[in-house]
Number of protein chains: 2
Amino acid sequence: METKPTEISSSKMFGGYNKRYKHFSPTLGCSMTFHIYFPPSPSSPSHKFPVLYWLSGLTCSDENFIIKSGAQRAASNFGIALIAPDTSPRGLNVEGEADSWDFGVGAGFYLNATQDKWKNWRMYDYVVKELPALLAENFPQLDTSKASISGHSMGGHGALTIYLKNLDKYKSVSAFAPIVNPIKCPWGQKAFTNYLGENNAEWEEYDATCLVSKFNNVPSSILIDQGEDDKFLKDQLLPGNFHEACKKHNVPLLLRLHPGYDHSYYFISTFIDDHISHHAQALSL
Amino acid sequence: METKPTEISSSKMFGGYNKRYKHFSPTLGCSMTFHIYFPPSPSSPSHKFPVLYWLSGLTCSDENFIIKSGAQRAASNFGIALIAPDTSPRGLNVEGEADSWDFGVGAGFYLNATQDKWKNWRMYDYVVKELPALLAENFPQLDTSKASISGHSMGGHGALTIYLKNLDKYKSVSAFAPIVNPIKCPWGQKAFTNYLGENNAEWEEYDATCLVSKFNNVPSSILIDQGEDDKFLKDQLLPGNFHEACKKHNVPLLLRLHPGYDHSYYFISTFIDDHISHHAQALSL
């Protein structure tokens, strides 16, 4: 069980490289893959790239963002490394883990499960602790002390909650069509009931709309893009709830609503440059 | 059997729309899908967009380019509609059609087969005749008299051969990692033997390197991008042969070799803007 990451693929893009790695994760108890996009090599060999974590949505792996977003163009320009982890443990063969597309495999919800059956589902610790330590140890060209975080849908939920609970670890956050109030929507209720049981105080620890009232000393503005033709907008995403909570607690939020756009990567790729630029500013590039 | 195209999906991107259509193709004798990317609506309702055909490579459908290339950004800026057809007939259940990834389904090679078994494989006529007529009839917002053509690998072969044989129909051509001399490489020899039989004169009609000697009054420069770390470069793609032929027959060619790049869409997305810009110039935008 190799905890050091092994490179399993490499492709040049916009002067840098998409590289995919495999490693054994002690946190999750299984093998995991992740992608890094390394910007073009800088002139100084001691230069270190700041990092932007991207958390993907339901059903995704570490590949979707790398294949579909086109984020590498701006990441190359700004000199930001992109880190794309997978969305859940895989290959553990927990009974029922692949029965639905919105729970289990591909649907880790970036939390630490407390229910015994799902004890390996610890994507919060994997993203916040294991992965940054692994990067710091194995990739001297990355400066993991300069980090920001972003994501889509379930991954937008992950980015917002992880950011709000770790304001010391991330310089900025942004999200596309995030699940901002999971305790109030069917996706979140299903996942939280199974992963966390019936303890409601626990649920609120993983709900961005609840967290803004607890961690409201947010230094940099939160950027959220949302398509108005997103079929999940009204039942699952509920950006209005987060908007209200931010207003109430003086948390700076830029919520942009885009007529005609849906929930897909076509929407993400249209506005990803603005997000990279938002993070570049916070990372002082 | 509906020959008129029916819209089966629509997603907004860079202000315009990716739309997928299905129709029955009399040329191929089966149902076909294709994608159009429509740039943002112009201020004048009578405005018509010029079109750029994109021909995809082995194993691809009409989706790969739309999902992975990021070409919509520049197409949106320049106001060019992108037309992405599929790469072969599908669903005909010809014996052996799906036995290999480089022949049959997903591998039409943009020719008209002469061998009875593959009589439905008429992608040349589909791309050059049926599809433009269908677009002209059903999409008044397109100006199919202003057309250019591009493609990747097998689709680069398709773009170059179709352009050289129809200099009156297309304003410009470009290609990524094209199969420029199929009669001299294993992919081409396998396909041509099966689709065209042993008649070598017929083979030369679908070989870009042979065609430049016949149709050498090329008005606009041919643009080809090729990655130097492309694993198919030496055995299958043979750009040097085309380069020599162009030089000999005074055909203007810009062949750019890119160190480190492979055969993937990561390579395409890195340089696609240059291609869109090349075609925009020829289309006088």
>> Looking only at region A:61-76, how many residues end up being closer than 17 Å to A:Ser174 by Cβ and in contact with an Asp or Glu (Cβ under 9 Å, 6 or more places away or on another chain)?
In response: 4
> Only one of A:Gly16, A:Gly96, A:Gly70 is at positive phi and buried (at least 21 other Cβ atoms within 10 Å of the Cβ); which?
Replying inline: A:Gly70
> For region B:251-281, which residues satisfy the criterion of being within 17 Å of the chain's Cα centre (by Cα), more than 9 Å from chain A (Cβ to nearest Cβ) and more than 12 Å from B:Ala74 (Cα to Cα)?
Replying inline: B:His263, B:Ile268
> Just one of the numbered conditions (1) touching a helix residue (DSSP H, G or I) at 6+ places or on another chain (Cβ under 6 Å); (2) farther than 20 Å from A:Asp143 by Cβ is not true of A:Phe24; which one?
Replying inline: (1)
> Condition test on A:Asp168, is it in contact (Cβ under 8 Å) with a residue 24 or more places away in the chain and among the charged types (D, E, K, R)?
Replying inline: no
> Within the bounds of region B:156-170, is there any residue that is outside any loop (DSSP other than H, G, I, E, B), surrounded by fewer than 23 Cβ atoms within 10 Å (Cβ to Cβ) and of a type in the set (Val, Ile, Thr)?
Replying inline: no
> Hey, among the residues in region A:105-127 that are touching a helix residue (DSSP H, G or I) at 6+ places or on another chain (Cβ under 8 Å) and either acidic (Asp, Glu) or in a strand (DSSP E or B) (or both), which one's surrounded by the most Cβ atoms within 10 Å (Cβ to Cβ)?
Replying inline: A:Ala107
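Filter region A:180-204 down to residues that are under 14 Å from A:Leu160 (Cα atoms) and in contact (Cβ under 8 Å) with a residue 40 or more places away in the chain and give me whichever is surrounded by the fewest Cβ atoms within 10 Å (Cβ to Cβ).
If we filter region A:180-204 for residues that are under 14 Å from A:Leu160 (Cα atoms), which is where we start, we get A:180-182, A:204.
Among the residues that remain, those that are also in contact (Cβ under 8 Å) with a residue 40 or more places away in the chain are: A:180-182.
On the way: A:Val180: 31, A:Asn181: 22, A:Pro182: 29.
Step by step, filter region A:180-204, then rank; the result is A:Asn181.
From B:Asn166, B:Asn181, B:Asn217, grab the single residue that is modelled with pLDDT under 95 and farther than 29 Å from B:Gly16 by Cα.
Values: B:Asn166 fails: modelled with pLDDT under 95; B:Asn181 fails: modelled with pLDDT under 95.
Matching residue, one of B:Asn166, B:Asn181, B:Asn217: B:Asn217.
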> From the list B:Ile222, B:Ile272, which residue is in contact with a strand residue (DSSP E or B) (Cβ under 7 Å, 6 or more places away or on another chain) and either crowded, with 23+ Cβ neighbours inside 10 Å or among the charged types (D, E, K, R) (or both)?
Replying inline: B:Ile222
> Out of all the residues in region A:175-185, which are part of a helix (DSSP H, G or I) and not charged (D, E, K, R)?
Replying inline: A:Pro182, A:Ile183
> Does region B:222-245 contain at least one residue that is on the phi > 0 side of the Ramachandran plot, more than 14 Å from every other protein chain (Cβ to nearest Cβ) and not acidic (Asp, Glu)?
Replying inline: yes
>> Only one of A:Ser46, A:Ser41, A:Ser76, A:Ser10 is within 14 Å of chain B (Cβ to nearest Cβ), in a loop (DSSP other than H, G, I, E, B) and surrounded by fewer than 21 Cβ atoms within 10 Å (Cβ to Cβ). Can you tell me which?
In response: A:Ser41
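Just checking, does region B:242-261 include any residue being outside any loop (DSSP other than H, G, I, E, B), among the β-branched types (Val, Ile, Thr) and crowded, with 19+ Cβ neighbours inside 10 Å? Quick ask: steps written out before the conclusion?
Keep residues of region B:242-261 that are outside any loop (DSSP other than H, G, I, E, B), which gives B:242-248, B:253-258.
Now drop any that are not among the β-branched types (Val, Ile, Thr), which leaves none.
No - not one qualifying residue is present in region B:242-261.
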>> Exactly one of these conditions fails for B:Gly29: (1) over 28 Å from A:Ala74 (Cβ atoms); (2) touching a strand residue (DSSP E or B) at 6+ places or on another chain (Cβ under 7 Å). Give me its number.
In response: (2)
>> Restricting to region A:186-232, and then to whatever is aliphatic (A, V, I, L, M) and outside any helix (DSSP H, G or I), can you tell me which residue is farthest from B:Ser9 (Cα to Cα)?
In response: A:Val218
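Rundown of residues vs (1) closer than 20 Å to B:His275 by Cβ; (2) in a strand (DSSP E or B); (3) without any contact (Cβ under 8 Å) to a residue 24 or more places away in the chain, yes/no style:
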{"position": "B:Pro50", "(1), (2), (3)": "yes, yes, no"}
{"position": "B:Thr59", "(1), (2), (3)": "no, no, no"}
{"position": "B:Thr87", "(1), (2), (3)": "yes, no, no"}
{"position": "B:Lys129", "(1), (2), (3)": "no, no, no"}
{"position": "B:Ser145", "(1), (2), (3)": "no, yes, yes"}
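Just checking, which of B:Thr33, B:Thr27 is away from chain A (no Cβ under 14 Å), under 30 Å from B:Val94 (Cα atoms) and part of a loop (DSSP other than H, G, I, E, B)?
Working: B:Thr33 fails: part of a loop (DSSP other than H, G, I, E, B).
After applying the criteria, what remains is B:Thr27.
If the requirement is being aliphatic (A, V, I, L, M) and within 14 Å of another protein chain (Cβ to nearest Cβ), which of these qualifies: A:Leu82, A:Leu92?
Matching residue, one of A:Leu82, A:Leu92: A:Leu82.
The values are calculated or read from the model by the stated rules, or taken from the named source; none is laboratory data. Note that the structure is predicted; figures quoted are calculated from it, not measured. Cβ: placed from backbone, ideal geometry, glycine included. Neighbour counts: every protein chain shown.
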